[in-house]
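The structure under discussion appears below in the form of structure tokens.
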Amino acid sequence: MRLHRLSRMSPTPIYLDHQASTPLDPRVAAVMERYVGCYGNPHTTSHSAGIDAGKAVNVARRQIARAIGGDARRVVFTSGATEANNLAIFGAARANCGRSKAVTVATEHGSVLEPALALRDEGLKVEVVPVRRDGRVDLRLLESIVDEQTNIVSVMHINNETGVVQPIAEIAEICHRAGAVLHSDCAQSMGRMPVDVNVLGADLFTLSAHKCYGPKGIGALYVGGRPRIVLKPLSLGGGQESGLRPGTVPVPLCVAFGEACRISAEEVQVDADRMGRLGARLLGAILHVCPSARLNGSHRHRAPGALNVCFPGATGDELICALEGVQVSSGSACASAVLEPSRVLLAHGLTNEEAESSLRICVGRFTTEEEISLAEEVIRQGLCKLGL
């Protein structure tokens, strides 16, 4: 990912890349700071240091579960969304060896798509479902693919590049009729849209702290299902996290993650309304200056404030140089070192040239009206300079 330098119009860069990562909420930082010196092992019950640490982790676990309408006993801490996705994909596939097919979607994050494709080496048939031009899965097509041989299906809730929202509840019904397990990567969801495991209906949910104004290095897999979904752990050697993720959990990070989820769940509607308004304002300004620009992906089924815009006639590098001082990106942060068009946008049906002319722009909780005004002016000047 390429970030812009300091704008001459603003004393600090304007951060509009919240799908890559969100700033740490000061309220979360304050809670985390209180536990930096918490040295006890939270898995130890023989002395007060360990017991106090364990209590703090359990409070965090309950906060996360409450934020998604779930059961704290089903929250498994991981190092982040990537590990949680791997645990879901490999864990479910290896635990249910009687079924021989895995299904995912062409626009999934690499931490889902690559593990799913790797299951071919373990003898599974892997189906990668295409998306329509709007980035949404065709439910009829998916239903024709998911059958009694399907083991695991993985479909993300909100796409990390385009912000397109998938119909997870409807997909869950399709999967459950066939007896398949559904995993949904919800890393982009917390803090931007309501997440209720009972409403969405998937069996496994991935969460990430640094996408909801918490710290990097901590995430979770929510293991649902009735009865609880059985998973094989990726690693062995400790028995922590219900035997699914051995290793001592980091108390300050867990506590911060819990607080971030608590705040996000309580403020999601206010945040969503505000981000949606600012995102719509910014898109309107872009289209006013550059009528040929267009929004990639569904206009209706989209996370509030998340934009992916194609600017025909300019490359991503040219756009990044022209929009100096506004921090946006030309694709997924995890794929920034790959000098190729976004495979997510190509899956939408865009040409290589169109994909290379697209930028991801996303507002967040702390984006101000003043910053949007400054960003609009930077974008106006930049696009005019490029002759767009």
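The values are calculated or read from the model by the stated rules, or taken from the named source; none is laboratory data. Note that the structure is a prediction, hence the values are computed from the model and not measured. Here the Cβ is made from the backbone with ideal geometry for all residues, glycine too, and neighbour counts use every protein chain on show. Accessible surface areas use protein heavy atoms only, side chains included; no ligands, DNA or RNA. Shrake-Rupley method; radii C 1.70, N 1.55, O 1.52, S 1.80 Å.
Using only helices, what value at 222 nm comes out for the chain when you add -39,500 (n - 2.57) per DSSP H run of length 4 or more and divide by the total residues, to the nearest 500 deg cm²/dmol?
-12000 deg cm²/dmol
May I ask you to list the lysines whose Cα is less than 27 Å away from that of K125, ignoring any residue fewer than eight positions away on the same chain?
Straight-distance partners of K125: K101, K232.
If you wrap the range 1-147's Cα atoms in a convex hull and average its projection over all directions, what's the area in nm²?
On the way: hull surface 59.0 nm².
Mean shadow area of the hull around the Cα atoms is 14.7 nm².
Given labels modelled 7 Å from the Cα in the Cβ direction, how far is it in nm from E148 to E267?
Spacing of the two 7 Å Cα→Cβ label points: 5.1 nm.
With a 1.4 Å probe and all protein chains left in place, how much accessible area per residue does the chain have, in Å²? Intermediate results must be reported in sequence, preceding the final value.
Values: 15860 Å² over 388 residues.
It amounts to 41 Å² per residue over the chain.
Given the peptides 122-129, 86-93, arrange them by the average over their residues of other C-beta atoms within 10 Å, most packed first.
Top of the packing list down: 86-93, 122-129.
Got a number for the accessible area of C384? Probe 1.4 Å, square angstrom, nearest 10.
Per-residue accessible area (C384): approximately 80 Å².
What spacing in nm lies between the two simple spin-label points modelled at A30 and R281, each 7 Å away from Cα in the Cβ direction?
Those two pseudo-labels are separated by 2.7 nm.
Measuring from label point to label point, each 7 Å out along Cα→Cβ, what is the L117 to L346 span in nm?
1.0
What are the membrane-span-like helices in the chain by this rule: whole DSSP H runs, Cα extent along the axis at least 15 Å, mean Kyte-Doolittle hydropathy at least 0.0?
81-95, 251-289
Kindly rank 15-25, 286-296, 211-221 from highest to lowest mean number of other beta carbons found within 10 Å of each residue.
So the order, starting with the most tightly packed, is 211-221, 15-25, 286-296.
Sorting check: for 48-61, 349-362, which peptide has the highest mean count of neighbouring beta carbons within 10 Å, and how do the rest follow?
Descending packing order for the listed peptides: 349-362, 48-61.
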